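Note sheet for the following structure.
The values are calculated or read from the model by the stated rules, or taken from the named source; none is laboratory data. Note that the structure is predicted; figures quoted are calculated from it, not measured. No Cβ is skipped: glycine too gets one built from the backbone with ideal geometry, and neighbour counts run over all protein chains shown.
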Number of protein chains: 2
Amino acid sequence: MSFDARIRAAIEGDIRSGALRPGDKLPSEHELAAQHGCARATVSKAMAALHHAGLIERRRKAGSFVADQHVHSAVLEVPDLAQLIEARGHVYRWQRLSREQDGAELHVTGLHYEGDTALALESRTIAVATVPDAMDESFDAIAPGTWLLAHIPWTSARHRIRAVGASAEEAQALGIVENTACLILERSTWRADAPVTTVRQVFRGDLFDMVAHFEPSPR
Amino acid sequence: MSFDARIRAAIEGDIRSGALRPGDKLPSEHELAAQHGCARATVSKAMAALHHAGLIERRRKAGSFVADQHVHSAVLEVPDLAQLIEARGHVYRWQRLSREQDGAELHVTGLHYEGDTALALESRTIAVATVPDAMDESFDAIAPGTWLLAHIPWTSARHRIRAVGASAEEAQALGIVENTACLILERSTWRADAPVTTVRQVFRGDLFDMVAHFEPSPR
DNA sequence: CAGTGGTCTAGACCACGCA
DNA sequence: GCGTGGTCTAGACCACTGG
């Protein structure tokens, strides 16, 4: 194991086991370098990684300290529906319901099927100004999300997750009783501050959930 | 700006703007060092950061490449209810409903209030073996989650998010109609592989949602 | 002011994996 | 083989900030 990994593992272990508690002061980079018999640059790299991972706080002149606990963020797995459904051993299918152009916006709705069951209802708006190629696409055979992933460069996104009773229209499309609890995922996506797409997916609450992990460790 | 940040910004900008597309090859560390007039170690640090952020892939002998897009994870903000409610300008209150010890497990249920409205029903199990101090705590005035944050060292956690219609008991506790759509957050927490606590929180769907951000950039 | 982290250099050696 | 990234060294200077 590299010095880098060894130093990180040693400190992370002390924090996890409780030997080091939040607020405790760590040795200086100089001391750690001497202890481990390596150069300060190597210690610096390890400490930077621990800092980046949120395990420690660092202050010039004062030193490095074990960070306070903060269970307030987790890595959410945003599902790629085709992948998710096939991983479950079922057949994925996209059925387009509508496609309308309204000025600079393209509106597409459709259903994501897991086998013969409608799992999610999607309504999407695509900003034609940012993704002009979308105008030439029918989205008849390919889901807009899949198509967009392959056609637009990097983006940032904001997700909102809620629980809502299905409306009459939503219930009918999904083949469930009105007012059944559904998980709503709304996602807005940007490319360098230009809006790309906004999507609302209504999932059958009885068939779908989301999972998120919180790992305070640096991978 | 440091060389490190300058190099990262240059490459990230090219990726974001679309000048560099997924799969494109980046210059070698040697070339980048020459281009920017700095040492290879500095380039290496910048590239390692871009790799860690998921923007590039690196293969020995082959070189570095712009990574494929993958919108499949996001940072979920797991709410600290007291903070969240006070940020909304309301008064937060915890009301314990029950506390029972069952062998090595401590079971606590209660309500999280936003002003006079019950926002969430919580049922929690605490592993006494991992957190013995919990036996001396009534959880009458302080929510178990808040208490645990201050009393246990670092943990990992798994979250599951679902939409479910409220059961009769849940509906009564929350003051809503049975079968109303609710957001369920289940969280299990560990300390170094030892279970700490499992909690199930039932949120009123009409009053609560969760937000997550996806940022492909390094911070 | 003195000690800390933050950054950088100009080398070096190694492991990997493509040609 | 040989170019690539991965890691490391033994220095150095600077910026910040706490005592």
So which residues in region B:3-19 are of a type in the set (D, E, K, R) and within 15 Å of DNA strand D (Cβ to nearest atom)? B:Asp4, B:Arg8
Within region B:42-65, considering residues that are in contact with an Asp or Glu (Cβ under 9 Å, 6 or more places away or on another chain) and within 9 Å of chain A (Cβ to nearest Cβ), the one farthest from DNA strand D (Cβ to nearest atom): B:Leu55
Quick check on my filter: what residues within region B:13-33 are part of a helix (DSSP H, G or I) and either within 13 Å of chain A (Cβ to nearest Cβ) or touching a Phe, Trp or Tyr at 6+ places or on another chain (Cβ under 7 Å) (or both)? B:Gly13, B:Asp14, B:Ile15, B:Arg16, B:Ser17
Just a yes or no: is a residue in region B:97-106 within 30 Å of A:Asp80 (Cβ to Cβ), out of contact with any Lys or Arg (no Cβ under 8 Å at 6 or more places or on another chain) and surrounded by fewer than 14 Cβ atoms within 10 Å (Cβ to Cβ)? no
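Residues are listed down the side, and each one gets a yes or a no for (1) over 25 Å from B:Leu50 (Cα atoms); (2) surrounded by fewer than 18 Cβ atoms within 10 Å (Cβ to Cβ); (3) at pLDDT below 95:
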residue	(1), (2), (3)
A:Glu29	no, no, no
A:Ser44	no, yes, no
A:Phe65	yes, yes, no
A:Pro79	no, no, yes
A:Ala82	yes, yes, yes
A:His90	yes, yes, no
Which numbered condition B:Ala129 fails, given (1) touching a residue at least 60 places away in the same chain (Cβ under 8 Å); (2) within 24 Å of B:Gly89 (Cα to Cα); (3) not charged (D, E, K, R): (2)
Inside region B:34-82, the number of residues satisfying the requirement of being more than 10 Å from DNA strand C (Cβ to nearest atom) and assigned to a strand (DSSP E or B) is 11
Per the filter on region B:200-215, residues buried (at least 19 other Cβ atoms within 10 Å of the Cβ) and within 11 Å of chain A (Cβ to nearest Cβ) are B:Val202, B:Phe203, B:Arg204, B:Gly205, B:Phe208, B:Met210, B:Ala212, B:Phe214
Within region A:165-198, can you find the residues that are surrounded by fewer than 21 Cβ atoms within 10 Å (Cβ to Cβ), β-branched (Val, Ile, Thr) and within 30 Å of A:Val131 (Cβ to Cβ)? A:Thr198
I'm told A:Arg162 meets every condition in (1) within 26 Å of B:Thr180 (Cα to Cα); (2) in contact with a Phe, Trp or Tyr (Cβ under 7 Å, 6 or more places away or on another chain); (3) basic (Lys, Arg) except one. Can you identify the failing condition by its number? (2)
Condition met for A:Ala10 (loosely packed, with under 15 Cβ neighbours inside 10 Å, under 27 Å from the mean Cα position of the chain (by Cα), part of a helix (DSSP H, G or I) and away from DNA strand C (no atom under 13 Å from the Cβ)): no
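Return the only residue of A:Ser98, A:Ser28, A:Ser64 being within 18 Å of A:Val199 (Cα to Cα) and among the hydroxyl-bearing types (Ser, Thr, Tyr). Don't jump to the end; show me each part of the working.
Details: A:Ser28 fails: within 18 Å of A:Val199 (Cα to Cα); A:Ser64 fails: within 18 Å of A:Val199 (Cα to Cα).
Only one candidate qualifies: A:Ser98.
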Which of the residues that make up region B:156-179 are more than 7 Å from chain A (Cβ to nearest Cβ) and among the hydroxyl-bearing types (Ser, Thr, Tyr)? B:Ser167
Only one of (1) within 25 Å of the chain's Cα centre (by Cα); (2) not assigned by TED's automatic domain parsing to the domain that holds A:Ile126 is not met by A:Trp94, so which one is it? (2)
Elements of type strands (runs of 3 or more DSSP E) in region A:127-219, at least 1 residues being within 21 Å of the chain's Cα centre (by Cα) and farther than 29 Å from A:His52 by Cα: A:156-165, A:181-191, A:194-204
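Mind telling me which of the residues A:Thr189, A:Thr180, A:Thr197 ends up being more than 29 Å from B:Ile15 (Cβ to Cβ) and hydroxyl-bearing (Ser, Thr, Tyr)?
On the way: A:Thr189 fails: more than 29 Å from B:Ile15 (Cβ to Cβ); A:Thr197 fails: more than 29 Å from B:Ile15 (Cβ to Cβ).
Of the residues listed, the single one that is more than 29 Å from B:Ile15 (Cβ to Cβ) and hydroxyl-bearing (Ser, Thr, Tyr) is A:Thr180.
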Index of the failed condition, A:Ile85 passing every other in (1) within 27 Å of B:Glu77 (Cα to Cα); (2) within 16 Å of DNA strand C (Cβ to nearest atom); (3) part of a helix (DSSP H, G or I); (4) away from chain B (no Cβ under 13 Å): (2)
Neighbours by Cβ (under 6 Å, 6+ apart or cross-chain): first from region A:29-41, more than 10 Å from DNA strand D (Cβ to nearest atom); second in a helix (DSSP H, G or I): A:Leu32/A:Val43
